[in-house]
Amino acid sequence: MADSTLVITRDDALVLDANDDLAHFRGRFHIPNPGVVYLDGNSLGMPPKRTIERLREVYEDDWATGLIRSWDHWIDYPQRVGDVLAPLIGAAPGEVVVHDTTTMNVYQLVHAAIALRPGRRTIAISADDFPTDRYVVDGIANATGHRVQHGFDDLGDVAVCVRSVIDYRTAELVDVAAETARAHAAGALVVWDLSHAVGAIEIDLHACGVQLAIGCSYKFLNGGPGAPAWTYVAAELQPVIEQPIWGWFATVDQFAMGPTFQPRPDIARVLLGTPSILALAAAEVGIALSAEAGMGHIHAKGRSLTWFAIELCDQFGLPTPTPRDPDRRGNHVAIAVPNAKAIVQELAGRGIIFDFREPDIIRAGCSPLTTRFTDVYDGIAAVAGLATR
Ligand SMILES: Cc1ncc(COP(=O)(O)O)c(C=O)c1O
């Protein structure tokens, strides 16, 4: 297929599947109907089979048997699941905690960052970033009197940049190390949103100099619908960040029921209130599956799947804004066609599941633990059959 005059066939996809070192991981997931072509794991990952057993264990062994006594080992579950996640993003143990939602976690870290840069009055974000990030930034600016700047060219007055590692529409991957260094050199902090990167690409937050990051666990980490999100704070910032919601899970000596909030010196200072133990148990299973497969292998397969998808787009004449350079893209491929929304609806009815993003983007999510090359072939061939050009 290096020769672009060759035609890619479904048999090529079958050969790629047969040679896929991660193919066996698909058997660890519940596949509702073998005929379904699922290309939306970038929105909601598939359910690991182990999740249902793990939920039963927590229900029977912990909740039903131990009752309230199970809080003896539930109490630090957000930190322990964080330690399972940490190696997937190049963080150290004690730097990640799994809790609450991505939206909440952006809010907390942006507040913490502006408090660390009191002389600066601007928050920078891309006008194209994911809506919740933009809305949270607008809301904070509205409440605090900060100015919102769209874009990152001039960082002179910027306290914090809020940035997605991977663009949710095009899958373009930012040079995290270079952009973090540039912001820090200009005196700004950066809160990175890894929602489309975690469990998808190999990333080393320490090597990139990242100090603050958040992300979800329901996409490539297969943590379940509404699975808790996570926060990463580099060890050196943990004792100095001040987050805006002072809940009892973030205070020292929680059960002393003291008169005032005293923030813990560690990552747990970003916690709020009682965590959802069942949701954490499900998230842990998904996170542990990615850890078992290894981010190097996952990223390598993600590159192959997205390369295959882009080659197919070219073959079928489907325009894609997704970068061709594998170092600059995440694990989905965007197809831009005028009737994108109608195509996604029509194909969903046939069991071929993509998602649609305004104004004209079909996203083909390539989840290395569950997506087959044949899924990519079948999905993109089906889009080609319906696309208006
Ligand atoms: C980049 C990004 N940030 C945040 C979110 C969603 O935030 P939450 O999990 O709080 O709904 C998404 C959801 O797709 C996302 O893609």
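Tabulated data
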| read-out | value |
| --- | --- |
| Wholly enclosed strands (runs of 3 or more DSSP E) of segment 46-154 bearing at least 1 residues more than 22 Å from Ala197 (Cα to Cα) | 122-125, 147-150 |
| Residues being more than 16 Å from the ligand (Cβ to nearest atom) and either of a type in the set (Gly, Ala, Ser) or not assigned by TED's automatic domain parsing to the domain that holds Leu109 (or both) - total across segment 207-249 | 5 |
| Within segment 14-38, considering residues that are aliphatic (A, V, I, L, M) and over 27 Å from the mean Cα position of the chain (by Cα), the one surrounded by the fewest Cβ atoms within 10 Å (Cβ to Cβ) | Ala18 |
| Segment 29-45: number of residues that are hydroxyl-bearing (Ser, Thr, Tyr) and either closer than 27 Å to Ala250 by Cβ or outside any loop (DSSP other than H, G, I, E, B) (or both) | 1 |
| Yes/no for Ala143 being within 24 Å of the chain's Cα centre (by Cα), among the small types (Gly, Ala, Ser) and within 22 Å of Glu242 (Cα to Cα) | no |
| Residue match in segment 152-161 (condition: within 20 Å of the chain's Cα centre (by Cα) and within 12 Å of the ligand (Cβ to nearest atom)) | no |
| Lone unmet requirement of (1) more than 30 Å from Pro359 (Cα to Cα); (2) touching a residue at least 40 places away in the same chain (Cβ under 8 Å); (3) touching a strand residue (DSSP E or B) at 6+ places or on another chain (Cβ under 9 Å) for Gly94 | (3) |
| Lone unmet requirement of (1) surrounded by fewer than 18 Cβ atoms within 10 Å (Cβ to Cβ); (2) within 16 Å of the ligand (Cβ to nearest atom) for Asn105 | (1) |
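The values are calculated or read from the model by the stated rules, or taken from the named source; none is laboratory data. Predicted model, so just to flag it, every value in this text is computed and none were measured. Positions of Cβ are generated from backbone atoms using ideal geometry, with glycine treated the same way; all protein chains shown enter the neighbour counts.
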